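Visitor: Let me begin by handing over the structure; questions about it come next.
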Amino acid sequence: MMTKIKVLIVIVALVITTWFIYKPGFTGGFMFDDESNLNSLSIIADDLSLTRLQTYFGESKSGPLKRPISVFSFLIDAQNWPAGAYSFKRTNVILHVFNGFLLFTVLWVLFRQKGFKENKVLFIAGFATGFWLFHPFLVSTTLYVVQRMAMLPLTFMLVGIWFYLLGRKKYQIHEGTKGHVLLFSAVYVMTLLAMLSKENGIVFLWLIFLFEVFIIQWYLDYKSLNRHLSFWLLKLPAIAAIVLFLMQVPAFIADYDVRQFNMGQRLITETRAVGKYLFHWFIPDYFTEGVFTDGFKFSKNIFNPLTTVFSTVFVIALLSLAWIKRKQWVWFSFVVFFFFVAQILESTIVPLELYFEHRVYVGAIFIGVPISLGLYQAGQQSKIFLIIPVLICFILAGMTYMRSDIWGNNLQLHELTMEKFPESLRARMGTAGIYDSKGLVNEASQLVKDGFKYHDKLELTFNTLGINCVQGTLTLQQMDNAYNKIKKINLVKNDYWSFLNLIKLMFDHNCLSDNTYDAIFELADAFEQNPNPKIYQKQATAKFIKGQVYFKQGKYESSKDMYIESFEISQNDYEAMNTAIIQFINKDQYDYALEILDFAESLYFKDFKYKIDWLKLGDNFKGLKDLIKHKKNETKD
């Protein structure tokens with residue numbers, strides 16, 4: 001009875017402390033790509049009907065599997081758009097607390113199976129959970145709304161480890177005759193649920209393999225699984241995941257087209273990224289880059305920058321030490337390999353951005369365990385060592401409270417980040433956007449212009465032209481300078497959306513009067529001639545924009561021809577095809593609309609031969625065809 005009370009007190013203390021230190025962050029705003037991932041909530045429009053839910057899910061572009069668990073979880077917080085960020089952040093913190101509870105439960109079950117006394121288990125589980133739960137480095141994951149997608153996979157992984165522990169105990173006690181349902185549920189079901197939250201949940205197949213070897217067999221000293229069960233439960237899915245990963249390598253290589261770095265450069269850069277993650281974990285700071293990590297430079301070679309070689313040596317040495325001492329320092333080795341395997345998709349060859357703090361959310365989960373074991377052992381020699389965990393948790397909680405307080409003020413967060421990390425263009429543009437939304441147009445404009453002191457990127461050029469367009473200060477000379485710049489500087493991924501936004505602003509504001517359409521056409525032409533030969537979508541985008549210009553000028557046949565040229569390159573941009581078709585219908589140009597529609601349907605039947613049409617594009621095309629026939633008949637009558 002006394003033990004249950006102690007456990008309850010520790011759990012309540014962990015929950016209340018976490019809630020208290022994160023609560024100041026609830027008042028913060030949406031960040032970075034939050035809105036682009038959440039604005040499809042407008043489809044629901046407070047109507048949770050099956051049709052709207054299907055369309056909402058179909059609009060998800062968050063990943064190959066569309067991440068249904070994460071996507072539908074946002075409906076807890078809002079069923080329309082726009083919406084406030086408060087409830088989304090609150091739900092994320094609740095999920096973070098729940099993950100902490102699961103971690104405590106896993107450690108409690110594990111060390112009880114080890115045979116430790118209850119007070120010792122309570123000390124280890126309590127501190128290891130607090131060390132992770134209170135850490136300020138996780139604020140940028142927990143209070144960054146869409147990173148719920150990074151948090152939910154851990155939820156299912158921890159449930160999977162819990163089930164696995166229970167199943168392995170049954171298997172051990174009953175000499176291999178029981179526990180199979182729990183074991184297969186832990187591996188297969190929980191991996192599936194983790195993947196449906198975010199695709200990198202597949203790493204659980206490798207993480208649970210590590211858990212079996214290091215913790216179950218070497219630490220708990222359980223007998224090995226029989227050969228047949230081991231193959232179907234662990235080896236086959238782990239190998240299948242490796243094969244699936246290797247099959248994607250050609251696609252990864254192709255996706256480097258929109259990056260400034262190649263695969264080799266990313267791989268050596270990630271040694272610096274991982275080293276920085278670990279530095280911030282063991283030397284915590286209340287203020288780090290957060291989501292504004294675009295200023296993290298890639299390594300051109302092993303010696304440029306010089307920190308690359310030191311980081312590479314550090315990573316190799318750490319992994320080597322973990323391997324050499326794998327039998328003597330089981331928990332240390334397990335934690336090291338667990339951390340690196342958890343990073344294997346996002347921090348190796350997949351052409352993602354180089355550095356994001358949320359990537360440690362899963363990998364850091366057990367780091368506090370070997371520290372807890374060491375402190376407890378030291379505490380047996382001197383009780384003074386038992387105070388250290390309390391001090392550590394107190395310091396971490398204090399830093400997290402300070403960081404949450406900054407995150408609770410969106411403008412303050414952006415301004416402070418821009419000042420501390422001027423190399424982040426994302427922070428600068430985000431701050432300018434907030435200024436603009438508050439009516440501080442001149443201040444926003446000045447911020448963007450000041451950015452040229454630190455950057456010479458096309459993204460900044462496009463944003464500057466966009467601001468000038470809205471303010472009515474855009475000139476033909478500025479456009480001429482932009483054409484020349486676009487033809488000289490290689491396009492990268494971040495430039496693309498800024499360019500599209502500029503085009504939209506120029507169409508909407510007609511900011512060069514009679515010269516606007518010619519300027520947009522020349523802009524598209526310069527975009528098409530950009531020296532980066534790898535970005536295939538620049539051709540499709542440029543031709544689509546030229547098609548829009550022709551349409552605005554009433555040159556409908558030229559517009560139709562340019563649209564089709566664009567779609568022949570892009571192949572599956574059905575949204576753009578739909579836009580073009582409706583444009584022509586609205587102008588009574590039914591033959592051109594039908595020609596594009598026939599082309600779109602031919603692509604659709606090939607594209608969706610083995611795919612689910614969540615958005616009912618086929619039905620939409622049929623409806624457009626019927627509409628065209630109806631309109632043509634009306635014209636005849």
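The values are calculated or read from the model by the stated rules, or taken from the named source; none is laboratory data. The structure presented is a predicted model; accordingly, all values stated were derived computationally and were not measured. Ideal geometry is used to build each Cβ from the backbone, glycine not excepted, and the neighbour counts take in all protein chains shown. Accessible surface is based on the protein model in full, side chains and every heavy atom, while ligands, DNA and RNA are left aside. Shrake-Rupley method; radii C 1.70, N 1.55, O 1.52, S 1.80 Å.
Visitor: How many angstrom lie between the C-alpha centres of region 1-60 and region 528-557?
Guide: Cα centres, region 1-60 to region 528-557: 41 Å.
Visitor: Using the Karplus curve 6.51 cos²θ - 1.76 cosθ + 1.60 with θ = phi - 60°, work out ³J(HN,Hα) for each residue of region 516-532 in order, rounded to whole Hz, and write x for Gly and Pro.
Guide: 4, 5, 5, 5, 5, 4, 5, 4, 5, 5, 5, 4, 5, 8, 3, x, 6
Visitor: Now a separate question. Taking the inverse of the average 1/r across all pairs of different Cα atoms in region 209-352, what Kirkwood radius in Å do you get?
Guide: 17.5 Å
Visitor: If you don't mind, another one. Compute the helix-to-body angle for 307-324: its Cα long axis versus the longest principal axis of the chain, expressed 0 to 90° and rounded to tens.
Guide: Approximately 40 degrees, to the nearest 10.
Visitor: Full-extension gain between Lys4 and Leu50, please, as 0.36 nm times their residue separation minus the C-alpha to C-alpha distance.
Guide: The Lys4-Leu50 span can extend by a further 12.1 nm.
Visitor: Another one. When Rg is the radius of gyration of the Cα atoms in region 499-579 and Rh is its Kirkwood radius, what does Rg/Rh come to?
Guide: Rounded to two decimals, Rg/Rh equals 0.96.
Visitor: How far, in degrees from 0 to 90, does helix 263-282 lean away from the longest principal axis of the Cα atoms of the chain, to the nearest 10?
Guide: So the inclination is approximately 50 degrees.
Visitor: A further question follows. In terms of solvent-accessible area of protein heavy atoms at a 1.4 angstrom probe, what is the ranking of Arg359, Arg90, highest value first?
Guide: Greatest to least solvent exposure: Arg90, Arg359.
Visitor: Divide the volume of the convex hull of the Cα atoms of region 216-256 by its number of residues and quote the answer in cubic angstrom per residue.
Guide: Spread over its residues, the Cα hull of region 216-256 gives 81 Å³ apiece.
Visitor: For region 278-390, what number results from the quotient of the Cα radius of gyration and 2.2 N^0.38 Å?
Guide: With N residues counted in region 278-390, Rg over 2.2 N^0.38 Å equals 1.26.
Visitor: Calculate, for the chain, the solvent-accessible area per residue in square angstrom, rolling a 1.4 angstrom probe over the heavy atoms of the protein chains.
Guide: Here the per-residue accessible area is 46 Å².
Visitor: Still on this structure: Leaving out ligands, DNA and RNA, and with a 1.4 Å probe, what % of the accessible surface on region 481-637 is carbon or sulfur?
Guide: For region 481-637, the apolar C and S fraction of the accessible surface comes to 47 percent.
Visitor: Ranked highest first by average number of other Cβ atoms within 10 Å, how do 65-71, 2-8 line up?
Guide: Packing proxy ranking, top to bottom: 65-71, 2-8.
Visitor: Taking Cα pairs under 8 Å and at least six residues apart, what relative contact order does the chain come out at, in percent?
Guide: Numbers: 803 pairs, mean separation 86.0, N = 637.
Averaging sequence separation for qualifying contacts and normalising by length gives 14 percent for the chain.
Visitor: Once phi is turned into ³J(HN,Hα) by the Karplus curve 6.51 cos²θ - 1.76 cosθ + 1.60 with θ = phi - 60°, what whole-Hz value does each residue of region 7-17 show in order, with x for glycine and proline?
Guide: Values per residue, Gly and Pro as x: 4, 4, 4, 5, 4, 4, 4, 5, 5, 5, 5 Hz.
Visitor: When we measure straight from the Cα of Lys169, which aspartates and glutamates land under 13 angstrom away, once same-chain ones fewer than 8 places off are left out?
Guide: Result set, ordered by chain and number: Glu212, Asp221.
Visitor: Sticking with this structure for a sec: Modelling each spin label as a point 7 Å along the Cα-to-Cβ direction, I'd like the Asp607/Asn572 distance in nm, to one decimal.
Guide: Here the modelled spin labels are 0.7 nm apart.
Visitor: Determine, from the Cβ-Cβ distance of Ser42 and Lys485 and an R0 of 51 Å, the FRET efficiency 1/(1 + (r/R0)^6), rounded to the nearest 0.05.
Guide: With a Förster radius of 51 Å, E is 0.90.
Visitor: State, in angstrom, two size descriptors of region 552-607 derived from its alpha carbons: Rg to one decimal place and Dmax to the nearest whole number.
Guide: Rg, Dmax (Cα atoms, Å): 10.6, 34.
Visitor: As an exercise, take the mean of 1/r over every pair of distinct alpha carbons in region 533-637, invert it, and state the Kirkwood radius in angstroms.
Guide: Final number for the Kirkwood radius of region 533-637 is 14.2 Å.
Visitor: What full-extension length gain, to one decimal in nm, is calculated for Gln380 and Met247 as 0.36 nm per residue of separation minus the Cα-Cα distance?
Guide: Values: separation 133, 0.36 × 133 = 47.88 nm, distance 5.18 nm.
Full-extension gain reported as 42.7 nm.
Visitor: Using a 1.4 Å probe and ignoring any ligands, DNA or RNA, find the accessible area of Asp588 and quote it in Å² to the nearest 10.
Guide: For Asp588, the solvent-accessible surface is approximately 100 Å².
Visitor: I would also like to ask the following. I'd like the distance separating the alpha-carbon centroids of region 249-328 and region 95-112, in whole Å.
Guide: 29 Å
Visitor: Something else about it: So what does Glu557 come to for accessible area, using a 1.4 Å probe and Å² rounded to 10?
Guide: The accessible area of Glu557 comes to roughly 100 Å².
Visitor: Rank these by accessible area, largest first, 1.4 Å probe: Ser311, Ser224. Write out the running numbers ahead of the final one.
Guide: Values: Ser311 20, Ser224 70 Å².
Result of the area sort, largest leading: Ser224, Ser311.
Visitor: Rounded to whole Hz and in sequence order, give me ³J(HN,Hα) for region 589-606 from the Karplus expression 6.51 cos²θ - 1.76 cosθ + 1.60, θ = phi - 60°, writing x for Gly and Pro.
Guide: With the stated coefficients, region 589-606 comes to 9, 5, 5, 5, 4, 5, 5, 5, 5, 4, 5, 4, 5, 5, 5, 4, 5, 6 Hz.
Visitor: Considering only protein heavy atoms, with the full assembly of protein chains and a 1.4 angstrom probe, order Ile371, Ile215 by accessible area, largest first.
Guide: Ile371, Ile215
Visitor: If each residue of separation counts as 0.36 nm, what is the full-extension length gain between Asp450 and Phe287 once their alpha-carbon separation is subtracted?
Guide: Value of the extension gain: 56.3 nm.
Visitor: While we're here: Using a 4.7 Å Cβ cut-off, which Cys residues in the chain lack a partner cysteine?
Guide: Among the cysteines of the chain, those whose Cβ sits 4.7 Å or more from every other are Cys393.
Visitor: Cα-based count: Lys pairs in region 422-511 below 23 Å, eight or more positions apart or different chains?
Guide: Taking the Cα cut-off of 23 Å, the pair count is 21.
Visitor: Here is a further query. Report, as a whole number in µm² per second, the diffusion coefficient that Stokes-Einstein gives for region 246-298 at 4 °C and 1.567 mPa s using the Kirkwood radius over alpha carbon pairs.
Guide: 99 µm²/s
Visitor: Can you give the convex hull volume per residue for the Cα atoms of region 48-197, as a whole number of Å³?
Guide: With only Cα atoms used, region 48-197 gives 125 Å³ per residue.
Visitor: Enter the angle in degrees (range 0 to 90, nearest 10) between the Cα long axis of helix 425-437 and the first principal axis of the Cα atoms of the chain, meaning the one along which they spread out most.
Guide: 60 degrees
Visitor: Rounded to two decimal places and with Rh computed the Kirkwood way over Cα pairs, what is Rg over Rh for region 427-526? Walk me through the numbers on the way to the answer.
Guide: Working: Rg = 12.8 Å, Rh = 13.7 Å.
Reported Rg/Rh (Cα atoms, Kirkwood Rh): 0.94.
Visitor: How many nm separate the modelled label positions at Leu352 and Asn409, each set 7 Å beyond the Cα in the direction of the Cβ?
Guide: 3.2 nm
Visitor: More than 16 angstrom separation, counting every C-alpha pair in region 17-95; what % is that?
Guide: Working: 1602 of 3081 pairs.
In whole percent, the long-distance tail amounts to 52.
Visitor: On to the next question. Quick one: accessible surface of Ser42, probe radius 1.4 Å, all protein chains present, in square angstrom to the nearest 10.
Guide: 60 Å²
Visitor: Under 30 Å Cα to Cα from Lys383, which lysines show up? Leave out anything in the same chain fewer than 8 places away.
Guide: Lys4, Lys6, Lys114, Lys117, Lys120, Lys325, Lys327
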